[in-house]
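Every number in this text was worked out from the coordinates using simple rules, so none of it is lab data. Every value quoted in this text rests on a predicted model; they were computed, and no experiment measured them. Backbone-built Cβ (ideal geometry, glycine too); neighbour counts: all protein chains shown.
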Amino acid sequence: MPTIRKEIAELLERGPLDLREISQILRIREKEALDHLQHIARSVHPRKLAMDPAACLDCGFVFKKRERFSTPSRCPLCKSESISPPRYRIGG
């Protein structure tokens with residue numbers, strides 16, 4: 001039986017997912033999925049954990065330079081809290 005991190009890595013190799021989707025598929029808390037993602041990012045060498053950035057759903061601002069894996073709480077431009085979560089994938 002594979003570990004949770006191995007299962008997450010296999011899911012991300014198939015296609016991009018956000019934290020909520022990962023947590024629902026594996027029936028774990030989002031915070032736990034976030035902890036596993038941070039470890040996977042360091043351990044998938046030579047491949048890379050890529051992140052499609054979060055974006056504001058109201059004004060369209062994209063969080064391109066954000067390094068954290070969690071979803072931002074609000075937009076720095078319009079202060080909206082309607083933020084699409086970042087999506088993660090493992091690429092070659």
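Taking the stretch 35-92 only, how many residues are among the hydrophobic types (A, V, I, L, M, F, W, C), assigned to a loop (DSSP other than H, G, I, E, B) and in contact (Cβ under 8 Å) with a residue 24 or more places away in the chain? Summing the residues that are among the hydrophobic types (A, V, I, L, M, F, W, C), assigned to a loop (DSSP other than H, G, I, E, B) and in contact (Cβ under 8 Å) with a residue 24 or more places away in the chain in the stretch 35-92 gives 4. Any idea which residue in the stretch 1-35 is nearest to the chain's Cα centre (by Cα), counting only those that are over 23 Å from PRO46 (Cβ atoms) and among the aliphatic types (A, V, I, L, M)? Top of the filtered list is LEU19.
So is LEU57 closer than 16 Å to ARG87 by Cα and buried (at least 17 other Cβ atoms within 10 Å of the Cβ) or not? When the stated conditions are applied, LEU57 does not pass them. Can you give me the number of residues within the stretch 5-21 that are surrounded by 15 or more Cβ atoms within 10 Å (Cβ to Cβ) and without any contact (Cβ under 8 Å) to a residue 40 or more places away in the chain? Going through the stretch 5-21 one residue at a time, the tally reaches 5.
Annotation note: of PRO72, PRO53, PRO86, the sole residue that is more than 15 Å from ALA9 (Cβ to Cβ), in contact with a helix residue (DSSP H, G or I) (Cβ under 9 Å, 6 or more places away or on another chain) and not acidic (Asp, Glu) is PRO86.
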